[in-house]
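Let me begin by handing over the structure; questions about it come next.
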Amino acid sequence: MFEKLKSGLKGLVNKVTTTELKSENLRPILSEFKMSLAENDVALPVAERICDEMEKRLDGVQVKRLEDRKGIVEKNLREVLLEIMLTNNKIDLLKAVDEKRRKGEPFVIAFVGINGTGKTTTIAKVARFLNEKGYSVVLACSDTYRAGSIEQLEEHAKRLGLRMIKHKYGADPAAVAYDTISHAKAHGINVVLIDTAGRMQTNRNLMNELAKIKRIVNPDLTVLTVDSLTGNDAVVQAEEFHKSVGVDATILTKVDADVKGGSALSVTYVTQKPILFIGTGQRYEDLEEFNPEKFVQMILK
C-alpha cells in the first residue's frame, strides 16, 4: 500500500539530511520532490504547499550531527503532512448516531459519487460496521436509473439480513429516500443509508437531482465515495461534488491496491473535509476507520 509515496518521502529525507539546510540548497531537492509527489497523485497545490512549508521550516536550521538532522527533517515532514490531513471538522460517527438515537430519530447518511467507485459495496460495508456496533440499519435505493442497481443493493441487503426500501426504475429518487426515512421512524430504526445514482460530476441534471434529494430529506451526513486508484481525477471529483452538493466527509475505496497514495492527501486538502473510512478489500469487513496520524506514520515508515 502506497509504496511509491513512501519511497518518495524516504528519498526526500535522505537527500535533505545530507545537505546544508539553506534555501539555495533545499530548493532543487524540493523541486524534484514536488514532481515525485505529482507523479504519486498528489494534487499540485498540495505538493506546492508541502514543499513551500518544508523550505520555510528548514531554511537556516543549525544542526551539528547528521543523525540529529535526519530527526529534524522527519519531524518537520510529519508535522507538515499532518497539517494537510487534519481538518477543522472532525466527525465521530458513532457518537452522532447515538445522539439521534437518544432523540428517537434515525441518523441519515446520503452517499454520492460516480459509478465505478464501489459506492454500493461501501454502503453495505458501512451498514455492517454499524450493525456490528449494535445499531439497526435500513437501506434506501435512490439509484433508480442504472440498470441492475436495485438488484445489487437488494443482494447486499439480503446477505446482511437488512431491510431495503425501493420503488420502480425511473421513480423519483427523493421519494424513495423520503419513504425510507418514514419507514425508519415508524419502526424505530437507527440509521438510514441512501444509495444515489452514480453521477459524472459534470452532468448538471443529475447533480440537480442530488441537490433535490438533499433538500427534501436533509441528511445528517453527505458522504462522497472516491476510488483512490483514479489519481488526480479523484481530486477533480471531490472538488466538483463539494461545490455542487456539499460534502461532509469522504470514503476512499480500493486503497489496498493503491501503490501511489496521493489521493488521501489531496482529497482532504481540497474539500477540507475528513476521510471517514478507507476500503481495504472486497469483503464486508474490509473497511477501516481512517486515522490521519496513523496514515502519516505509515507513509513515513
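Can you go through V112, V61, V42 and tell me which one is of a type outside the set (D, E, K, R) and within 23 Å of L160 (Cα to Cα)?
Just one listed residue meets the conditions, V112.
Considering only the stretch 70-105, how many residues are more than 23 Å from the chain's Cα centre (by Cα), on the phi < 0 side of the Ramachandran plot and at pLDDT 90 or above?
Looking only at that region, the number is 6.
Let me ask something else about it. Please work out which one of (1) under 30 Å from V236 (Cβ atoms); (2) at pLDDT 85 or above is the condition K4 fails and give its number.
(2)
Quick one: would you say V270 is closer than 27 Å to R146 by Cα, within 12 Å of the chain's Cα centre (by Cα) and either modelled with pLDDT under 80 or not in a strand (DSSP E or B) (or both)?
Taking the combined requirement at face value, the residue does not satisfy it.
Matching residues to (1) in the same structural domain as N291 (by TED's automatic domain parsing); (2) out of contact with any Asp or Glu (no Cβ under 7 Å at 6 or more places or on another chain); (3) part of a helix (DSSP H, G or I); (4) over 30 Å from K273 (Cα atoms):
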site: L26; (1), (2), (3), (4): no, no, yes, yes
site: I29; (1), (2), (3), (4): no, yes, yes, yes
site: E48; (1), (2), (3), (4): no, yes, yes, no
site: M54; (1), (2), (3), (4): no, yes, yes, no
site: D68; (1), (2), (3), (4): no, yes, yes, yes
site: I72; (1), (2), (3), (4): no, yes, yes, no
site: R78; (1), (2), (3), (4): no, yes, yes, no
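Continuing with this model, one more query. Looking at this structure, is D195 outside the structural domain of P45 (by TED's automatic domain parsing), charged (D, E, K, R) and assigned to a strand (DSSP E or B)? Talk me through it step by step, then tell me what you get.
Values: outside the structural domain of P45 (by TED's automatic domain parsing): yes; charged (D, E, K, R): yes; assigned to a strand (DSSP E or B): yes.
When the stated conditions are applied, D195 passes them.
Out of L82, L58, L86, I need the residue that is crowded, with 17+ Cβ neighbours inside 10 Å and touching a residue at least 40 places away in the same chain (Cβ under 8 Å). Which one? Steps first, answer last, please.
Working: L82 fails: crowded, with 17+ Cβ neighbours inside 10 Å; L86 fails: crowded, with 17+ Cβ neighbours inside 10 Å.
L58 is the lone residue from the list that is crowded, with 17+ Cβ neighbours inside 10 Å and touching a residue at least 40 places away in the same chain (Cβ under 8 Å).
Considering (1) over 30 Å from V137 (Cα atoms); (2) outside any helix (DSSP H, G or I); (3) at pLDDT below 80; (4) of a type outside the set (G, A, S), say which one V42 fails and leave the rest.
It is condition (3) that V42 fails.
Still on this structure, I have one more. Return a yes/no flag: does the stretch 208-229 have any residue that is assigned to a helix (DSSP H, G or I), surrounded by 23 or more Cβ atoms within 10 Å (Cβ to Cβ), in contact (Cβ under 8 Å) with a residue 24 or more places away in the chain and of a type in the set (G, A, S).
yes
Further question: Can you tell me how many residues in the stretch 151-171 are touching a residue at least 12 places away in the same chain (Cβ under 8 Å) and in a helix (DSSP H, G or I)?
In the first step, residues of the stretch 151-171 are kept if they are touching a residue at least 12 places away in the same chain (Cβ under 8 Å); the result is 152-154, 156-157, 159-160, 162-171.
With the extra rule that they be in a helix (DSSP H, G or I), the set shrinks to 152-154, 156-157, 159-160.
The number of residues fulfilling the criteria is 7.
In addition: May I ask you to list pairs of residues, at least six apart or on different chains, whose Cβ atoms are under 7 Å apart, with the first in the stretch 272-301 being of a type in the set (D, E) and the second being part of a strand (DSSP E or B)?
D286/G279; E288/F277; E288/I278; E289/F277
I would also like to ask the following. In the stretch 1-50, which residue that is under 20 Å from the mean Cα position of the chain (by Cα) and among the small types (G, A, S) is surrounded by the most Cβ atoms within 10 Å (Cβ to Cβ)?
Only one residue fits best here, namely A43.
Every residue in the stretch 89-112 that is more than 20 Å from N291 (Cα to Cα) and without any contact (Cβ under 8 Å) to a residue 12 or more places away in the chain, please. Reasoning before the result, please.
Residues of the stretch 89-112 that are more than 20 Å from N291 (Cα to Cα), as a first pass: 98-112.
Passing the criteria: D98, E99, R102, K103.
Taking only the stretch 129-167 into account, find how many residues are modelled with pLDDT of 90 or more, surrounded by fewer than 20 Cβ atoms within 10 Å (Cβ to Cβ) and either basic (K, R) or not assigned by TED's automatic domain parsing to the domain that holds E99 (or both).
Number of matching residues: 4.
Return the residue satisfying two criteria in turn: it lies in the stretch 88-125 and is of a type in the set (V, I, T) and in a loop (DSSP other than H, G, I, E, B), and of such residues it is farthest from S228 (Cα to Cα). Please lay out each step first, then the result.
Residues of the stretch 88-125 of a type in the set (V, I, T): 91, 97, 108-109, 112, 114, 117, 120-123.
If we keep only those that are in a loop (DSSP other than H, G, I, E, B) too, we end up with 91, 114, 117.
Numbers: I91: 21, I114: 13, T117: 9 Å.
Only one residue fits best here, namely I91.
Do we have any residue at all in the stretch 164-177 that's of a type in the set (F, W, Y) and more than 23 Å from V247 (Cα to Cα)?
Within the stretch 164-177, one or more residues are of a type in the set (F, W, Y) and more than 23 Å from V247 (Cα to Cα).
The values are calculated or read from the model by the stated rules, or taken from the named source; none is laboratory data. Because the structure is predicted, anything quoted here is derived from the model rather than measured. As a convention, Cβ positions derive from the backbone with ideal geometry for all residues, glycine included, and neighbour counts pool all protein chains shown.
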